[in-house]
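A short worksheet on the structure shown next.
Every read-out reported here was derived from the displayed coordinates using simple, explicitly stated rules and does not represent laboratory data. Note that this is a predicted model, so its numbers are computed, not measured. Every residue, glycine as well, gets a Cβ built from its backbone with ideal geometry; the counts of neighbours run over all protein chains shown.
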Amino acid sequence: MKLHHRVLALGMAVIMALALTACSPKEIAQNMVVGMVRALGFTTADEEEEATETMATQGGSITFPEGFSTEDRTNTLLQDGTLYISFNNLRTYNTDYFTAASDTLTVTSYGSTDATKTSYNSYKVALWELSDDGTKTSYIPGSTVYFTVSSDETCYTYDITGLTAGKKYKATITFDSTAAYVTGGMTITGLTDDALVQTETDED
């Protein structure tokens with residue numbers, strides 16, 4: 001009898017959660033699966049390390065160079081130590097590898113999404129380091145930063161430290177929603193003007 005009551009209570013809780021949330025059924029299912037996976041302990045070391053979200057703070061601005069197009073799905077330009085990035089309707093995107101000029105990079109970004117399709121209110125950026133022989137990419141612990149979405153191109157900024165001058169890095173932009181996309185712009189400053197090294201770019 002007790003088991004029956006527990007199952008009934010769980011079912012009612014799920015129904016209430018579905019009724020009270022603005023998420024799509026697909027997104028709700030994804031969140032439930034992610035929660036179950038984490039509860040069972042099947043998380044990666046990177047996910048465990050990033051359990052506490054680091055939020056970028058409001059501030060900064062982005063002015064794209066003259067002639068820079070923001071109409072394409074993605075567009076990038078490295079100029080005067082700054083990597084300019086625009087992205088439209090993306091969930092995942094990897095930049096090409098750039099070279100750090102010091103141990104710190106500054107990421108400034110704005111982004112928007114269709115709030116009627118998702119309850120996610122931020123997207124994230126993480127850095128990965130290319131090995132000296134160019135054969136391996138390693139995640140930089142603590143480099144995942146969350147940027148709040150807005151409807152008016154409000155910029156948020158964050159300094160990512162702990163890098164090595166002269167090393168090559170790439171940035172991954174990720175929006176975790178399965179029901180909506182993110183559109184926006186970004187700059188990564190504190191780079192050299194060394195040529196970008198192409199990656200097998202993922203776009204979703």
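Rounded to the nearest whole Hz, the Karplus-based 3J(HN,Hα) values (6.51 cos²θ - 1.76 cosθ + 1.60, θ = phi - 60°) of the stretch 56-66 follow the sequence 5, 9, 5, x, x, 8, 10, 10, 6, x, 4, with x at glycine and proline. Distances between placed amide hydrogens fall under 5 Å for GLY142 paired with no residue 5 or more residues away or on another chain. Select from the stretch 123-204 those GluC sites (Glu not before Pro) which occupy a DSSP coil region and have at most 13 other Cβ atoms within 10 Å, ordered by residue number. Here the sparse-neighbourhood loop sites are GLU153, GLU200.
For the listed peptides 168-177, 71-80, a ranking on the average number of other beta carbons within 10 Å per residue, highest first, reads 168-177, 71-80.
3J(HN,Hα) along the stretch 88-100, derived from phi through the Karplus expression 6.51 cos²θ - 1.76 cosθ + 1.60 where θ = phi - 60°, amounts to 10, 6, 10, 10, 9, 8, 10, 6, 6, 6, 10, 10, 6 Hz, with x in place of Gly and Pro. Treating r as the C-beta distance of SER151 and ASP194 and R0 as 45 Å, the FRET efficiency rounds to 0.80. Exposure proxy shown here: for ASP96, ASP103, the number of other Cβ atoms within 10 Å sets the order, fewest to most, as ASP103, ASP96.
For the stretch 138-155, backbone phi angles converted through the Karplus equation (6.51, -1.76, 1.60; θ = phi - 60°) give residue-by-residue couplings of 10, 5, 8, x, x, 8, 6, 10, 9, 10, 6, 6, 8, 9, 10, 6, 5, 8 Hz, Gly and Pro being listed as x.
Placing a pseudo-label 7 Å from each Cα along the Cα-to-Cβ vector at THR164 and ASN121 gives an inter-label distance of 4.0 nm.
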